[in-house]
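Working notes, structure below.
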Amino acid sequence: MSLYLVAAEASGDLLAREVADWVRRKSPDTEINGIGGAELAAAGITSPIDIAPLSVLGFIEGIKAYGDVVRLADAAADDICRRRPRVVVLVDSWGFTLRVAQRVRARDPSIRLVKLIGPQVWATRSGRAATLAATVDHLLCMHEIEAPYYEPFGLKVTVIGNPALTRSGKGNGAAFRVRHNIGADDPVLLVLPGSRRSEVVSVAPVLMDAARQVTRDLPAVKVVVLPAGPIQAEFAGRFPDAPDWAQIIPHPDERYDGMAAATVALACSGTVTSEVAMQGAPMIVGYKTGWVTWALARGLLYKKIHITLLNILNGDREIVPEFVQTRLKAEPIAAKALQWLADPVERAAQQARQNNALSALVRDGKPAAEIAADAILAELQLAQRLLIGT
């Protein structure tokens with residue numbers, strides 16, 4: 001049996017690699033090919049195309065990258081149809097993976113298509129449920145609240161939970177501190193500057209400025225920065241002096257240990273916020289996108305007040321402080337971080353608030369990637385039965 005994974009961004013690349021690992025454990029004979037980045041490459045799956053141009057966000061940015069999206073979707077469909085896998089799994093990245101799915105469906109309807117992580121129909125553009133149902137055979141989604149949107153269209157849905165919350169156990173913060181010569185009682189301010197180039201341009205400068213302000217008011221603080229793999233070169237170019245006052249940790253295998261070592265975290269909005277919450281650090285979230293994108297989202301598309309998953313799925317109430325668009329300023333972010341760093345009682349209260357919110361996102365049982373692998377293997381078996389007509 002043959003399987004093909006398609007991942008276009010860092011978070012999807014990581015999830016695709018985790019799913020591939022579980023598939024191999026459960027079905028060693030399954031042939032796996034795919035499109036992705038460093039994570040899939042580390043699993044021995046060489047991508048035939050470079051996904052770097054797909055790491056964009058925002059309306060204007062999307063228009064500029066449209067030609068790349070179409071060109072790479074065509075190239076992806078070419079490779080898939082040449083290899084003729086029985087099942088294709090399309091991971092996250094709605095715009096790109098939808099185009100790939102539509103091209104594959106038109107050229108070879110015998111290939112079964114699985115979408116791993118669906119569009120946020122519960123927050124924006126509920127009409128995408130009909131589009132997805134008309135294109136793929138099976139959706140593997142994160143949250144129970146998503147399934148009812150697809151029921152009218154008859155799409156098979158499996159809820160796997162949030163991969164970020166079942167990805168690993170508690171990181172070893174104490175070991176991280178020892179490795180990086182940070183005292184057991186030293187306050188650590190963690191900065192997570194994003195995983196897209198657009199985020200390094202629009203969000204990271206404010207988070208880094210806030211961290212620098214904290215160091216001026218609290219010289220004892222240790223600043224640790226964990227830039228995501230796809231943006232490390234961009235980050236280094238934009239912040240050449242950062243190593244003078246912060247520890248830049250480029251190694252992905254230190255990610256969860258670094259989060260666990262944090263006293264307070266400043267995070268660019270995204271999957272990483274759920275990962276930080278799992279590791280226990282009180283966090284402050286920042287985000288900014290292009291004004292056209294923001295105006296369209298707020299005026300026409302986005303149904304929620306907040307953007308952080310912990311806030312959205314807990315009654316759309318602000319549990320995690322958010323600084324978005326015009327509110328994304330270094331001074332108030334630094335002030336909030338200093339408040340928590342100086343007050344262990346308030347810091348513990350914020351941890352408790354995050355932990356209570358987190359309980360709504362965690363599913364009991366298997367890791368999300370394993371649940372996804374089981375569903376994908378079932379699709380492979382179904383594809384095999386259909387192939388032989390039984």
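The values are calculated or read from the model by the stated rules, or taken from the named source; none is laboratory data. Quantities reported herein were computed from a predicted structural model and do not represent experimental measurements. Ideal geometry is used to build each Cβ from the backbone, glycine not excepted, and the neighbour counts take in all protein chains shown.
Computed values, structure above
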{"read-out": "Residue that is farthest from LEU310 (Cα to Cα), among those in the range 131-144 that are in a loop (DSSP other than H, G, I, E, B) and either out of contact with any Lys or Arg (no Cβ under 8 Å at 6 or more places or on another chain) or of a type in the set (A, V, I, L, M, F, W, C) (or both)", "value": "ALA134"}
{"read-out": "Selected residue (criterion: nearest to PRO187 (Cα to Cα)) from residues of the range 363-390 that are exposed (fewer than 13 other Cβ atoms within 10 Å of the Cβ) and at pLDDT below 85", "value": "ASP364"}
{"read-out": "Selection from the range 263-317 of residues that are more than 14 Å from the chain's Cα centre (by Cα), at pLDDT 85 or above and of a type in the set (Ser, Thr, Tyr)", "value": "THR263, TYR287"}
{"read-out": "Test: THR46 is in contact (Cβ under 8 Å) with a residue 40 or more places away in the chain and in the same structural domain as ALA372 (by TED's automatic domain parsing)", "value": "no"}
{"read-out": "Total residues in the range 162-214, condition of a type in the set (Ser, Thr, Tyr) and within 19 Å of ASP257 (Cβ to Cβ)", "value": "3"}
{"read-out": "Test: ALA101 is modelled with pLDDT of 95 or more, surrounded by 19 or more Cβ atoms within 10 Å (Cβ to Cβ) and at negative phi", "value": "yes"}
